[in-house]
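Trainee: Just passing along the structure, written as structure tokens.
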Amino acid sequence: MKKSIAAVLFCGVLMLGSGCGAQTPPQASAQDSAGPLLETTAVGNEEYYLLTAEEDLQAIGKQYPLSGSYILGNDITMSDEWIPIGSPDEPFTGIFDGNGYIIYNLTATKNTDHMGFFGAAEGAVIRNVIVKDADLVSFFPVVNYAKDTEITGCSINAESGPPVYGFDEEEEMIGKLISADYQNMPLSDFRALVLDVFGDADTLDSVLSDLEDYFEEGSTEARIIAYSLPAACSELLSDDHSGTFTGHAEKERTAGRVILDTVEFGCSIEYMLSYAVSDESLTVSQRDHVLENIHDRMQELIDTADEELLASAEAGNVIEEQLRSVIDENLMEGMSVSGTLTNVSVLDDSGEYRTIFPK
């Protein structure tokens, strides 16, 4: 993914699969003489290792098992670079209860594939983890990779925010739209379905960012991420039958070598479509068809455009005129559309894209 998270994410309740909530009792034999000696405490019918210091947290997966049950006994302030608990090869499979206490100054910024408080969890229960003043580089800062894991009441540097999901949970959400035959739904019914699946527009926007480059290009899932859900999100935010859509088209020419191709020319354009639906019987596929046709046609125009024109001072005006023409060609009854060219960038001699429109 191309997304980077630094600060504000909140974990709502996630429950997937019958494997959720594995509750393996503590294994005292895993304790190493070089590590801390953890006390245990009973909560209900479950016995937990009691965590009261930084070295206690660091012992999970080392001196103490990844299948154990753990609970915080007080606030903990961290001082060292954090090594996440668990990895995809050896995930955390037990219970971790933050118990309402706070972990301060959690820092995990080194180059690793398993960033987050937990690197990976499978069939685990993680609840009430509250982290403040954290410095994390991660898509999913509570659990970087979660499978069949229940995550409840967790937050990183925030009291609220969109839930944090793993890719398997987000795939399941998209699957619910596909199984509901979303394309043939009236737009109002689709918005209701989207709210039922995602809960709110903030969560939907977070999932879209996560899955932007996740699915194979041209697949049903990729089209949902590219057209259906961005439009639905903007309509939910506007609270009516109008919305916006951001389009992007680009052209690159390489030196043509088989290995280590060098880009010799590059042009990237961005445009914004604003639309309003007057016919409430319009379906998702009809709306998306208009947006997709405009995008495909703009990409064709960029692909066939003269490189000198694309790099010239006139590029913006020419492309903006073409955008208006493409919109007129693809209008349908019951839906009005207007468009604005927002950016034209070309590759300069230093290998960086430079904005030539707007000036």
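The values are calculated or read from the model by the stated rules, or taken from the named source; none is laboratory data. Just so it is clear, the model here is predicted, and its values are computed rather than measured. FYI the Cβ positions are ideal-geometry reconstructions off the backbone, even for glycines, and counts take in every protein chain you see.
Trainee: Residue check: is Ser33 modelled with pLDDT of 90 or more, assigned to a loop (DSSP other than H, G, I, E, B) and not hydrophobic (A, V, I, L, M, F, W, C)?
Mentor: No; evaluated as a whole, the condition is false for this residue.
Trainee: Another question, if that's okay. Give the residue that is farthest from Val43 (Cα to Cα), with candidates limited to residues of the range 90-107 that are among the hydroxyl-bearing types (Ser, Thr, Tyr) and modelled with pLDDT under 95.
Mentor: Thr107
Trainee: Go through (1) modelled with pLDDT of 50 or more; (2) within 32 Å of the chain's Cα centre (by Cα) and name the single condition Ile5 misses.
Mentor: (1)
Trainee: Being in contact with a helix residue (DSSP H, G or I) (Cβ under 7 Å, 6 or more places away or on another chain), within 19 Å of Thr246 (Cβ to Cβ) and of a type outside the set (Ser, Thr, Tyr), is that true of even one residue in the range 300-307?
Mentor: yes
Trainee: Anything in the range 242-294 that is of a type in the set (Phe, Trp, Tyr), farther than 16 Å from Asn343 by Cα and at pLDDT 95 or above? List them, or say none.
Mentor: If the condition is that a residue be of a type in the set (Phe, Trp, Tyr), farther than 16 Å from Asn343 by Cα and at pLDDT 95 or above, then Tyr275 is the only one that fits.
Trainee: Which condition number in (1) outside the structural domain of Asn99 (by TED's automatic domain parsing); (2) touching a residue at least 24 places away in the same chain (Cβ under 8 Å) is the one that Asn157 fails?
Mentor: Against the list (1) outside the structural domain of Asn99 (by TED's automatic domain parsing); (2) touching a residue at least 24 places away in the same chain (Cβ under 8 Å), Asn157 comes up short only on (1).
Trainee: Something else now. Do we have Ser234 as touching a Gly at 6+ places or on another chain (Cβ under 6 Å), on the phi < 0 side of the Ramachandran plot and either among the aromatic types (Phe, Trp, Tyr) or not assigned by TED's automatic domain parsing to the domain that holds Ile327 (or both) here?
Mentor: yes
This table checks each residue for (1) buried (at least 17 other Cβ atoms within 10 Å of the Cβ); (2) in the same structural domain as Ile302 (by TED's automatic domain parsing).
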position	(1), (2)
Glu217	no, no
Ser228	yes, no
Val263	no, yes
Ser268	yes, yes
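Trainee: Conditions first: (1) modelled with pLDDT of 85 or more; (2) out of contact with any Leu (no Cβ under 7 Å at 6 or more places or on another chain); (3) assigned to a loop (DSSP other than H, G, I, E, B). Leu38 passes all but one, so which condition is the exception?
Mentor: With (1) modelled with pLDDT of 85 or more; (2) out of contact with any Leu (no Cβ under 7 Å at 6 or more places or on another chain); (3) assigned to a loop (DSSP other than H, G, I, E, B) applied to Leu38, the lone miss is (2).
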